[in-house]
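Chemist: Sharing a structure with you now.
FYI, it's all coordinate maths here, none of it is from the lab. Note that the structure is a prediction, hence the values are computed from the model and not measured. Every residue, glycine as well, gets a Cβ built from its backbone with ideal geometry; the counts of neighbours run over all protein chains shown.
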Amino acid sequence: MKKILSLFAVLGMVCLSSMALAEVTVGGTVQLRSRNFDTMSFDKNNNTKDAVDTQERIQVDVNAKSDKVKGKITIWNDFETWGNYENAQGKGFDTDATNSIGVTGNNVFGIREAWVSFDLPGVPLNVTGGHQLLMVGNGGFFRSMHYGSDAWVVSNVSGNNIAALVDVKITEGTAASASDDIDAYVLLDVLKLNENMALGVNLAVIKDKKGVALPGKTADYEAELQNLGVTFNGKLGPVVLKSEIDQQFGKAKGPVTDKKYKGSQIIVQGNVPMDPVTINFLLGYGSGKKTTDNDRKEYVNFLDIDPHYTFLYEYKLNTACGARNTGFCNTFAISAGAMFAATKSLNVGLDIFQLTANEKITNGVGDEKKDIGMEIDAKVQWKLYDNLSWNWDIGYFKPGDAFKTSTGTTDAATGIQGILAYKF
């Protein structure tokens, strides 16, 4: 008990001394996530990827702010399944700790954000450095909003035209060598046309010196991918519009031949508010690669693990690009839906997606097909109090012939997920 009181005394003195230099606020969230996913394998007799569980996320935010300087530290335990035993009491975050029933603990707490941001004295530039949440353009190419990334961001701080230079460390190989790292460099500019419209352009360069971040790369040979993106965000009459066009260049070197990157992407999404109903729509296209192509014609992106448009197809299932969280890679998606404000605190919505592969993929029985399938997603957004919400997602995905299993089945996948979130 004396040790605990001493710790609080030290923390109190630190906070008092800090208040003289900066305004410090503490907040956070507690989230409970209930999940039930069924028939993820498209075969009712082989549900190896199903999940039925309750999980909890704990997050504490510490924000500090003074004149032209601010910083943030976020400590969190990302969604952890109930029933997994934590570390033994008194062992802290020791990954080798063994709890009272003999189960080795996990390093469940980590740093989500840790950065400092300041204006350069006498220069109209802002510098932000550290582990931070990042997104390029509208997030169709690079999005790191879940775990965050280590980066420097330098930008101007005034006017209607915002320019920035971003340096992201994706992977650090041997600390004493720069020949095995994966780095990203982004130059972007956003011009505010008026109060309702903004036009942006960005150029991102991914340098993969020895890792495996870029497809088509041969071990021990460099690869470089360039992504040129143009974005538009604004209102056109009653339509709130967000759009993005991307084109990729660069090449992956090899011992015999090089492979060029030629991917492309178009995303148009928006909504039309008509109180109490809001109409939503989406059109997304990402190029794919034929099995006979030498060059990398599929659209290559770097996205986080959160849902990006569909609740099941891109979030929980392997897409037409062969993995989860691949955005619109080798996918053409078109959707329409609506959100209805039933009351001041309750919104319900429904979206329907039609999904097609832009290049044929080989299904479980060896046929090459493009029909990915159809998905219907329902949403319930319930605000119980100002700082407490309970939101639900319900999804139904009926796979097409492109996802036929080795047994010839195309059983529908379903999922439901609810998140009770308390913010303080």
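Chemist: Under the 0.36 nm per residue contour assumption, what length would be gained going from the current alpha-carbon distance of residue 127 and residue 165 to full extension?
Modeler: 12.7 nm
Chemist: Which peptide among 221-233, 252-264 comes first, and what is the full order, when sorted by highest mean count of other Cβ atoms within 10 Å?
Modeler: So the order, starting with the most tightly packed, is 221-233, 252-264.
Chemist: Can I ask one more? So for the chain, averaging the separation of alpha carbon pairs under 8 Å that are six or more residues apart and normalising by length, what relative contact order in percent results?
Modeler: 11
Chemist: Another question, if that's okay. Of the listed pairs 379/404; 192/251; 290/316; 70/260; 316/423, which have alpha-carbon separations greater than 31 Å here?
Modeler: Too far apart for the 31 Å limit: 192/251; 70/260.
Chemist: Compactness ratio of region 164-283: Cα Rg over 2.2 N^0.38 Å, N = residue count? Intermediate results must be reported in sequence, preceding the final value.
Modeler: Numbers: Rg = 19.0 Å, N = 120, 2.2 N^0.38 = 13.6 Å.
This ratio for region 164-283 stands at 1.40.
Chemist: For region 205-357, report the convex hull volume of the alpha-carbon atoms normalised per residue, in Å³, without decimals.
Modeler: 119
Chemist: Beyond 21 Å, what percent of the Cα pairs of region 115-206 remain?
Modeler: 38
Chemist: Between residue 84 and residue 147, what is the spin-label point distance in nm, taking each point 7 Å from the Cα along the Cα→C-beta axis?
Modeler: 1.3
Chemist: How far apart, in nm, are the 7 Å Cα→Cβ label points at residue 32 and residue 423?
Modeler: With each label placed 7 Å out from Cα toward Cβ, I get 2.0 nm.
Chemist: Right, next: If you take all C-alpha pairs in the chain, what percent of them are over 38 Å apart?
Modeler: Roughly 30 percent, once rounded to a whole number.
Chemist: Take every Cα pair under 8 Å in region 262-424 that's 6+ residues apart, average their separations, divide by the length, and report that relative contact order as a whole percent.
Modeler: Details: 421 pairs, mean separation 28.7, N = 163.
Contact order relative to length: 18 percent.
Chemist: Out of every Cα-Cα pair in region 262-424, what percent are more than 25 Å apart? Don't skip to the end; give the middle numbers.
Modeler: Details: 4932 of 13203 pairs.
Above the 25 Å cut-off, region 262-424 has 37 percent of its Cα pairs.
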